[in-house]
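The values are calculated or read from the model by the stated rules, or taken from the named source; none is laboratory data. Values in this document were obtained by computation on a predicted structure and should not be read as measured data. When we count neighbours, we look across all protein chains shown, and the Cβ atoms used for this are built from the backbone with ideal geometry, even at glycine.
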Amino acid sequence: MSLNEAVEAIPRKTMVLFFLVDTSGSMGGSKIGAVNAAIEEVIPELKDLSAANADARIKIAALEFSSGSRWVTAQGPEDIELFRWQYLDAGGSTDMGDAFRKLNEKLSIKAFMKEATGSFAPALFLLSDGEPTDDFDIALDELKQNNWFKKGIKVAVSIGDDANKGMLAKFTGSTESVLEVHSSAMLRKMIRFVSIRASEVASKSVQAGVFGTAGQASTNGGSAVQASVQAGSAAGGANTGIVTPTISVTSAVPMAALSSEAGGVPAASVPETTIKQQILNEQLKEMAAVQAASNDDEW
């Protein structure tokens, strides 16, 4: 082949970040306002993350639920480069089960996961402040049979005192993946933090053996998280002033810890999905500690 011949770029896979947003009546006022502002503000950072990622491009899908549910991105996941957040209003009940059914329908190669170049497992981000008002258990059991859901990394944010963390943990698979917030400022920081971190982790390939030796300490722990939150606080609670520390997928969690979490399974055979979820959970623990120490109660 001549040096002057054009080299065709290797097509990137797609990673879809799903926002599942509770827009029931109790989410009114500062709660839904913080959700709208935070998602709108994090989009430029996700664009940069996607542009710099050699493995995958990021797309966004959004589903809101109150009395019933509807896809905000009705035509399917939207490329982050073209995506614009549509402000949501709050009102009605909390039909989370209906949202789970709609999500189950679209997590399919015949629907939202039909990219010709292939897809990474999605990142699923649930935000709610209360109890489901429909038969969410049946819908969730059905959703858990979906292979895309099984392989996706999952996070939930519990908003205020009335949110059912146990129910949210049923969605994510563990309490470690559920973050609790009690103020609009912290909610905005959590949404930004989770959106960036989940997208970073989900859109990268993980290879066996890249996590270092047993007992290796995390190189991107609480200090990076603390610095990120402090930067946001210094900016008056706004997200635009927060500097995002780079989190390396290859060094966030000791492989020995992953093997232990997987019930003693040898490290090399730990599924990639388990590795990615544990990487994210370790970072969420640090963020949860920051929230607990903030004493910033609004709701």
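Things worth noting here:
- Exactly one residue among A111, A169 is free of Cβ contacts under 8 Å to residues at least 24 places away in the same chain and hydrophobic (A, V, I, L, M, F, W, C), and that residue is A169.
- For the residues A99, A121, A156, A90, the requirement of being assigned to a strand (DSSP E or B), small (G, A, S) and either at pLDDT 95 or above or within 20 Å of the chain's Cα centre (by Cα) (or both) singles out A156.
- Matching entry among P77, P44 (being without any contact (Cβ under 8 Å) to a residue 12 or more places away in the chain and not aliphatic (A, V, I, L, M)): P44
- Set D89, D95, D134: member being in contact with a Gly (Cβ under 9 Å, 6 or more places away or on another chain) and within 25 Å of E45 (Cα to Cα): D89
- Residue count for the range 170-189, restricted to those that are in contact with a Phe, Trp or Tyr (Cβ under 9 Å, 6 or more places away or on another chain) and either under 13 Å from A289 (Cβ atoms) or not in a helix (DSSP H, G or I) (or both): 5
- When E40, E81 are checked against the criterion of being closer than 16 Å to F125 by Cα and either surrounded by fewer than 18 Cβ atoms within 10 Å (Cβ to Cβ) or modelled with pLDDT under 95 (or both), a single residue qualifies: E40.
- The C-beta contact set for the range 141-157 (first residue on the phi > 0 side of the Ramachandran plot and among the polar types (S, T, N, Q), second residue at pLDDT 95 or above and surrounded by 23 or more Cβ atoms within 10 Å (Cβ to Cβ), distance under 6 angstrom, 6+ apart or interchain) is empty.
Listed here are the residues, each with its yes/no results for (1) closer than 20 Å to G28 by Cα; (2) touching a strand residue (DSSP E or B) at 6+ places or on another chain (Cβ under 8 Å); (3) surrounded by 17 or more Cβ atoms within 10 Å (Cβ to Cβ); (4) among the acidic types (D, E).
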residue	(1), (2), (3), (4)
K114	no, no, no, no
S119	no, yes, yes, no
F125	yes, yes, yes, no
E131	yes, no, no, yes
D137	no, no, no, yes
E142	no, no, no, yes
N147	no, no, no, no
A156	yes, yes, yes, no
L187	yes, yes, yes, no
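- Condition check for V201: β-branched (V, I, T), in a helix (DSSP H, G or I) and either surrounded by fewer than 24 Cβ atoms within 10 Å (Cβ to Cβ) or touching a Lys or Arg at 6+ places or on another chain (Cβ under 7 Å) (or both): yes
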